[in-house]
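Enquirer: A single structure is presented below for examination.
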Amino acid sequence: MPYDFNAVENKWQSIWQENKCFESHTDNSKEKFFCLEMFPYPSGALHMGHIRNYSIGDVIARFLRKNNKNVLYSIGFDSFGMPAENAAIKFKTKPHDWTLKNIDYMTQQLKRMGYSYDWNREAITCLPEYYRWNQWFFLQMYKRGLVYQKEAPVNWCDTCGTVLANEQVENGCCWRCHNPVTKKNLKQWFIKITDYAQELLDDIDKDLDPGWPRRVRIMQTNWIGRSEGARLKFKVPELNYDIEAFTTRFDTIYGVTFIALAPEHELVKIMRDKLNHDEAEKLNEFVQKVSAQSSIERSDAGAEKLGFKTPFYGIHPVTGKQIPIWIANYILIDYGTGAIMGVPSGDQRDFEFCRKYNIPVIPVIKPVDGEIFDGETMTHAYEEYGIVCNSGEFDGLKTEDAIKIMIDWGEKNNYCKREVNFKLRDWLISRQRYWGTPIPFVYCDDCGVVPVPEENLPVLLPEDVEVKEVGHSPLLDLPDWLNTTCPKCGKPARREADTMDTFFCSSWYFDRYCSPHDDKNAFESSDVNYWMPVDQYIGGIEHACLHLIYARFFAKFLNDIGMTNFREPFKNLLTQGMVIKDGAKMSKSLGNTVDPTEIVSKYGADTVRLFILFAAPPNNDLEWSERGVEGVNRFLGRVWRYVEDNLESLKANNKIIPVGEIKNEAEREFKRKIHDTVKNVTRDLIDEKQFNTAIARLMELTNAIYTFNFDDDVANNLKREAVDVLLNCLSPFCPHMTEELWQMLGHEEFLCVTAWPVADEKALVRENAVIVVQINGKVREKVNLPAGLSTQDLEHEILNNDAVKSRIDGKNIIKIISVPDKLVNIVVK
RNA sequence: GCCGGGGUGGCGGAAUGGCAGACGCAGUAGACUCAAAAUCUACCGAGUGCAAGCUCGUGGGGGUUCAAGUCCCCCCUCCGGCACCA
């Protein structure tokens, strides 16, 4: 009978569900394991990337369940966000309806794959029972001074009609729609993630090494971007203003020839007010020209540097000289102080700027074994370390020492103050969108911005809303929702119509999995403290500096407010590669996608799971190949056919024969193969997460079973042992077919909860070893000898071997290197 | 520009410093079949040889070692991240 994967897969999915095989419960007496996958956005259908992510997770979950761990394995939907609004316009539906319909369909797809989720723990972020806790957390952050509103130039995406956090701008473009981002001056809500910058950085080395890939740790380290230096002041007496600047190279202070301000710097307005009409016009013109540049134009390192010379001067803190103040497009308002000390001889950007505008260049560092540069003729800045020059008493110091010595001196004389700066910016959390968590604040004319009292949560998002293509949130068109009363004074007030960044939702959903039905709290601490932190997290690398930083911050915050007992949420991280077809990432726009549903209906879930795990190691990109799918399908057919064709014999011979009772050498070898497989597959799964090699070993065992042609009593029992091991080890990958065969063989316990096999060390012992004989490092002979020979005995045997003797005949043996049971290398002349 | 990670048959990929290419795909030959599909068996890095074998071979060049895909140095190249962050 050919294998009917549809019938078998459906059968076991129902049986597992009826028997609650995958439900998990907090149990302090058992060792837990939390296996987590990045939950999907309900875009409409699963794609191969999801299938890959979740197939990896399911194998880990099933494997550990069989190894006696209390496994938490759940799924949910990250279901707020833009696409629902776009779809609502396009298909004339409601974001709420569209989203829930997609969740429904994708749930069916996930179930069809046979993933062993505990569906009781599902979290859906767009439902009030979930997002009310977003609002509650937001208020807790507010109480602790971590939430603030600020008017600032923020990243604005025109196509999405909303602002974006810094992390969500990639190469100057929106991470979601890839349109260029512009800067807009807007009043927005921020979360002070920068308060945690140092700890986020420190814990990368302390807690995430080696559980996280090096690549991700480095990306986060760079993103946080710590730099040490000093802050100094240039007094501007004319304007009664002190310009502050941050520098990492205070040792170049004698090389300052100009000061540059970001066009958005507050001093720019002050200066403009002091200028006459014509000058002010010119300044305005310049500022407008720069702000009209998109982020890409302005922030590209190769972009042309533009400057405007103001008629004002700052006083050099050390030399007392007058330093001209410029406004320049390459100065960023949101890093450091938005102003710099310009040192053209030591900074390439400043150098280019000075050459363009004829600002003098004063060399202050010379190469260790070179001459002092000539400021007039040097062709580029000298940014390397060297020897201090043209700097009075400090001349001759090495840069390494000068940085420290000169800041010490600067601090003592009040020229500067040590300071640490981070690239990481505060998390811009508000979005001018409808489909998100309402920010729980109201605006009152008398009381100002007032938080919604906790007992009034949730602030419900109206669901019955028509989204139209107008440039603003539909919430603004709902007076019934928008108009409310002030919780403080009771007078009419207006709700905040901005919603939260959806990364807020995804920063704690895994905590909710631990405690999914709590309606008094976001979660029960005892549950979360039992299950968390996540033991294995699996997801895409694209979240390295997005979700994975936000979630780390959130964990630290929850610990600070006493809700949890840990500060890092994810102990181990596995970043799976992309699914590639025809050399490019599968994507709708390229039209190279493969629909999982189609492929599952053609080959079955077991085959798809197996292929996707076999074709490449998890962190590599994976090239889709239907031939490859057919290959693993063929392998499963071989397993099925073998058991079916030999069913009676396999059922009748179910004794485990100890190695000691096996006399026949080939049978001992077969027994060894079985236990070798157990040992190696187990190691592949635990240590390396090398699913591809684990599967290869199971294919080898299958090949060995097919070619093992003995037919005595011992052999027949060994065949059964081999098949049991094969099915057991294969079951995390292909749970349905193996479960069916397991039952056919007469087992009464479900395979999915049957203990993982243990290798019998006695069966692994070899009586003989094939010794590779090398002569001068080249393999020349292979000699079969008893295992366990001492070095002397081994050399003696080898040197007396006829074949070896004839090869070294007449030559001088200079040296012999022996590796017992493996190799002898004879060096001759 | 800075920082990471790679480069192994026709392809995806294996190899605690100790037999390079496990396993799979593709390919070749054969068996079964009227035929095909499916299945099974064998072969399957290059060169050379009737053969046993021999030589070469893990991006290139040097080095360490009895022994290097693996360790060290230099270079080429591909991919990824960041990018005017003071």
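Enquirer: Considering A:F190, A:F234, which residue is crowded, with 16+ Cβ neighbours inside 10 Å, of a type in the set (F, W, Y) and within 16 Å of RNA strand B (Cβ to nearest atom)? Please lay out each step first, then the result.
Expert: Working: A:F190 fails: within 16 Å of RNA strand B (Cβ to nearest atom).
Of A:F190, A:F234, the one residue that is crowded, with 16+ Cβ neighbours inside 10 Å, of a type in the set (F, W, Y) and within 16 Å of RNA strand B (Cβ to nearest atom) is A:F234.
Enquirer: Between a first residue in the range A:377-394 that is part of a strand (DSSP E or B) and a second residue that is hydroxyl-bearing (S, T, Y), which pairs have beta carbons less than 8 Å apart while being 6 or more apart in sequence or on different chains?
Expert: A:I387/A:T399; A:V388/A:T399
Enquirer: Test of understanding: among A:K811, A:K815, which residue is within 15 Å of RNA strand B (Cβ to nearest atom), farther than 30 Å from A:R65 by Cα and assigned to a loop (DSSP other than H, G, I, E, B)? Walk me through how you get there before you give the answer.
Expert: Numbers: A:K815 fails: assigned to a loop (DSSP other than H, G, I, E, B).
Going through A:K811, A:K815 in turn, just one is within 15 Å of RNA strand B (Cβ to nearest atom), farther than 30 Å from A:R65 by Cα and assigned to a loop (DSSP other than H, G, I, E, B): A:K811.
Enquirer: Listed residues A:R132, A:R144, A:R112; which is at pLDDT 95 or above, over 25 Å from the mean Cα position of the chain (by Cα) and more than 30 Å from A:E455 (Cα to Cα)? Can you show your working first?
Expert: Values: A:R132 fails: more than 30 Å from A:E455 (Cα to Cα); A:R144 fails: more than 30 Å from A:E455 (Cα to Cα).
Going through A:R132, A:R144, A:R112 in turn, the sole match is A:R112.
Enquirer: Tell me the residue from A:H736, A:H747 that is without any contact (Cβ under 8 Å) to a residue 60 or more places away in the chain and under 20 Å from A:Y3 (Cβ atoms), please. Working first, answer last.
Expert: Details: A:H736 fails: without any contact (Cβ under 8 Å) to a residue 60 or more places away in the chain.
Sole residue among the options that is without any contact (Cβ under 8 Å) to a residue 60 or more places away in the chain and under 20 Å from A:Y3 (Cβ atoms): A:H747.
Enquirer: Can you tell me which of (1) within 15 Å of RNA strand B (Cβ to nearest atom); (2) not in a loop (DSSP other than H, G, I, E, B) is the one A:P344 doesn't meet?
Expert: Looking at each condition in turn, A:P344 falls short on (2).
Enquirer: Test A:F312 against the criterion of being farther than 30 Å from A:E384 by Cβ, touching a residue at least 60 places away in the same chain (Cβ under 8 Å) and of a type outside the set (A, V, I, L, M), and give yes or no.
Expert: Details: farther than 30 Å from A:E384 by Cβ: yes; touching a residue at least 60 places away in the same chain (Cβ under 8 Å): yes; of a type outside the set (A, V, I, L, M): yes.
Answer is yes for this residue.
Enquirer: If you don't mind, another one. State whether the residues of the range A:461-471 include one that is closer than 19 Å to A:H96 by Cβ and not in a loop (DSSP other than H, G, I, E, B).
Expert: No: zero hits.
Enquirer: I'd like to verify a number: residues in the range A:315-336 that are part of a strand (DSSP E or B) and either in contact (Cβ under 8 Å) with a residue 40 or more places away in the chain or more than 16 Å from A:V256 (Cβ to Cβ) (or both), how many?
Expert: 7
Enquirer: If you take the residues in the range A:137-187 that are acidic (D, E) and outside any strand (DSSP E or B), which one is nearest to RNA strand B (Cβ to nearest atom)?
Expert: Just the residues of the range A:137-187 that are acidic (D, E), to begin with: A:151, A:158, A:167, A:170.
Now restrict to residues that are outside any strand (DSSP E or B): A:158, A:167.
On the way: A:D158: 20, A:E167: 8 Å.
Once the filter is applied, the top-ranked residue is A:E167.
Enquirer: A further question on this structure: Within the set of pairs 6+ apart or on separate chains, which have a first residue in the range A:667-695 that is away from RNA strand B (no atom under 11 Å from the Cβ), a second that is among the acidic types (D, E), and C-beta atoms under 7 Å apart?
Expert: Correct list of pairs: A:I674/A:E721; A:H675/A:D760.
Enquirer: Of the residues in the range A:597-627, how many are farther than 16 Å from A:D684 by Cβ, near RNA strand B (Cβ under 6 Å from one of its atoms) and buried (at least 16 other Cβ atoms within 10 Å of the Cβ)?
Expert: Selection size over the range A:597-627: 0.
Enquirer: Consider the range A:1-24. How many of its residues are without any contact (Cβ under 8 Å) to a residue 40 or more places away in the chain, assigned to a loop (DSSP other than H, G, I, E, B) and closer than 30 Å to A:D511 by Cβ?
Expert: Total meeting the criteria: 1.
Enquirer: Just wondering, is there one or more residues in the range A:642-662 that are basic (K, R) and without any contact (Cβ under 8 Å) to a residue 40 or more places away in the chain? Explain how you work it out, then say what you get.
Expert: Taking the range A:642-662 first, the residues basic (K, R) are A:651, A:655.
Restricting the remaining residues to those that are without any contact (Cβ under 8 Å) to a residue 40 or more places away in the chain gives none.
The answer is no, given that none of the residues of the range A:642-662 is basic (K, R) and without any contact (Cβ under 8 Å) to a residue 40 or more places away in the chain.
Enquirer: State whether the residues of the range A:472-493 include one that is in contact (Cβ under 8 Å) with a residue 60 or more places away in the chain and surrounded by 14 or more Cβ atoms within 10 Å (Cβ to Cβ). Explain how you work it out, then say what you get.
Expert: In the first step, residues of the range A:472-493 are kept if they are in contact (Cβ under 8 Å) with a residue 60 or more places away in the chain; the result is A:472.
Checking the rest, the ones that are also surrounded by 14 or more Cβ atoms within 10 Å (Cβ to Cβ) come to none.
There is no residue in the range A:472-493 that is in contact (Cβ under 8 Å) with a residue 60 or more places away in the chain and surrounded by 14 or more Cβ atoms within 10 Å (Cβ to Cβ).
Enquirer: Do you know which of the residues in the range A:341-369 that are of a type in the set (D, E, K, R) and under 37 Å from the mean Cα position of the chain (by Cα) is surrounded by the fewest Cβ atoms within 10 Å (Cβ to Cβ)?
Expert: Step one: filter the range A:341-369 for residues of a type in the set (D, E, K, R), giving A:347, A:349-350, A:352, A:355-356, A:366, A:369.
Filter once more, so that each one left must be under 37 Å from the mean Cα position of the chain (by Cα): A:347, A:349-350.
Values: A:D347: 21, A:R349: 18, A:D350: 27.
Looking at residues that are of a type in the set (D, E, K, R) and under 37 Å from the mean Cα position of the chain (by Cα), I get A:R349.
Enquirer: With A:E761, A:E767 as the choices, which residue is more than 12 Å from RNA strand B (Cβ to nearest atom), surrounded by fewer than 16 Cβ atoms within 10 Å (Cβ to Cβ), charged (D, E, K, R) and more than 30 Å from A:L64 (Cβ to Cβ)?
Expert: Details: A:E761 fails: more than 30 Å from A:L64 (Cβ to Cβ).
That would be A:E767, the only listed residue that is more than 12 Å from RNA strand B (Cβ to nearest atom), surrounded by fewer than 16 Cβ atoms within 10 Å (Cβ to Cβ), charged (D, E, K, R) and more than 30 Å from A:L64 (Cβ to Cβ).
Enquirer: Also, quick follow-up: Within the bounds of the range A:146-162, is there any residue that is over 25 Å from A:F39 (Cα atoms) and among the hydroxyl-bearing types (S, T, Y)?
Expert: Yes, the range A:146-162 contains a residue that is over 25 Å from A:F39 (Cα atoms) and among the hydroxyl-bearing types (S, T, Y).
Enquirer: Which residues, counting only those in the range A:259-311, are in a strand (DSSP E or B) and more than 16 Å from RNA strand B (Cβ to nearest atom)? Give the derivation first.
Expert: Of the range A:259-311, the ones in a strand (DSSP E or B) are A:259-261, A:307-311.
Hits for the range A:259-311 are A:K309, A:T310, A:P311.
Enquirer: Please go through the range A:502-524 and pick out each residue that is in contact (Cβ under 8 Å) with a residue 40 or more places away in the chain and among the small types (G, A, S).
Expert: Correct list: A:S506, A:S507, A:A522.
Enquirer: Can you tell which of A:I218, A:I253 is in a helix (DSSP H, G or I), within 12 Å of RNA strand B (Cβ to nearest atom), more than 40 Å from the chain's Cα centre (by Cα) and under 23 Å from A:E383 (Cβ atoms)?
Expert: On the way: A:I218 fails: more than 40 Å from the chain's Cα centre (by Cα).
Just a single option satisfies the conditions, and that option is A:I253.
Enquirer: Would you check which residues across the range A:599-611 are within 15 Å of A:H50 (Cα to Cα) and either free of Cβ contacts under 8 Å to residues at least 24 places away in the same chain or among the hydrophobic types (A, V, I, L, M, F, W, C) (or both) and list them? First the steps, then the outcome.
Expert: Narrowing the range A:599-611 to residues within 15 Å of A:H50 (Cα to Cα): A:599-600, A:605, A:608-611.
Of everything in the range A:599-611, those that are within 15 Å of A:H50 (Cα to Cα) and either free of Cβ contacts under 8 Å to residues at least 24 places away in the same chain or among the hydrophobic types (A, V, I, L, M, F, W, C) (or both) turn out to be A:I599, A:V600, A:A605, A:V608, A:L610, A:F611.
Enquirer: Kindly check whether there is at least one residue in the range A:474-481 that is modelled with pLDDT under 95, assigned to a loop (DSSP other than H, G, I, E, B) and not aromatic (F, W, Y).
Expert: Yes - at least one qualifying residue is present in the range A:474-481.
Enquirer: Pick out, from the range A:482-565, the helices (runs of 4 or more DSSP H) lying fully within it that include 3 or more residues that are within 23 Å of A:W435 (Cβ to Cβ).
Expert: Values: elements: A:509-514, A:525-531, A:547-560.
The helices (runs of 4 or more DSSP H) meeting that bar are A:509-514, A:547-560.
Enquirer: Name, by its number, the condition in (1) out of contact with any Ser or Thr (no Cβ under 6 Å at 6 or more places or on another chain); (2) away from RNA strand B (no atom under 16 Å from the Cβ) that does not hold for A:P360.
Expert: So the condition that A:P360 fails would be (1).
Enquirer: Shifting gears a bit: Looking at A:G338, is it more than 7 Å from RNA strand B (Cβ to nearest atom), at positive phi and either at pLDDT 95 or above or surrounded by 20 or more Cβ atoms within 10 Å (Cβ to Cβ) (or both)?
Expert: Values: more than 7 Å from RNA strand B (Cβ to nearest atom): no; at positive phi: yes; either at pLDDT 95 or above or surrounded by 20 or more Cβ atoms within 10 Å (Cβ to Cβ) (or both): yes.
Considered against the rule, which asks whether it is more than 7 Å from RNA strand B (Cβ to nearest atom), at positive phi and either at pLDDT 95 or above or surrounded by 20 or more Cβ atoms within 10 Å (Cβ to Cβ) (or both), A:G338 comes out as no.
Enquirer: Looking at A:N680, A:N692, A:N633 in this structure, which one is surrounded by 14 or more Cβ atoms within 10 Å (Cβ to Cβ), more than 27 Å from A:F5 (Cβ to Cβ), within 38 Å of the chain's Cα centre (by Cα) and modelled with pLDDT of 95 or more?
Expert: Checking each option against the conditions leaves just A:N680.
Enquirer: Further question on the same structure: Going through the range A:789-822 one residue at a time, which ones are at pLDDT 90 or above and on the phi > 0 side of the Ramachandran plot?
Expert: A:D821, the sole residue that qualifies.
The values are calculated or read from the model by the stated rules, or taken from the named source; none is laboratory data. Bear in mind the structure is a predicted one, so any value in this text is a computation, not a measurement. Here Cβ is always computed from backbone atoms with ideal geometry, including for glycine, and neighbour counts include all displayed protein chains.
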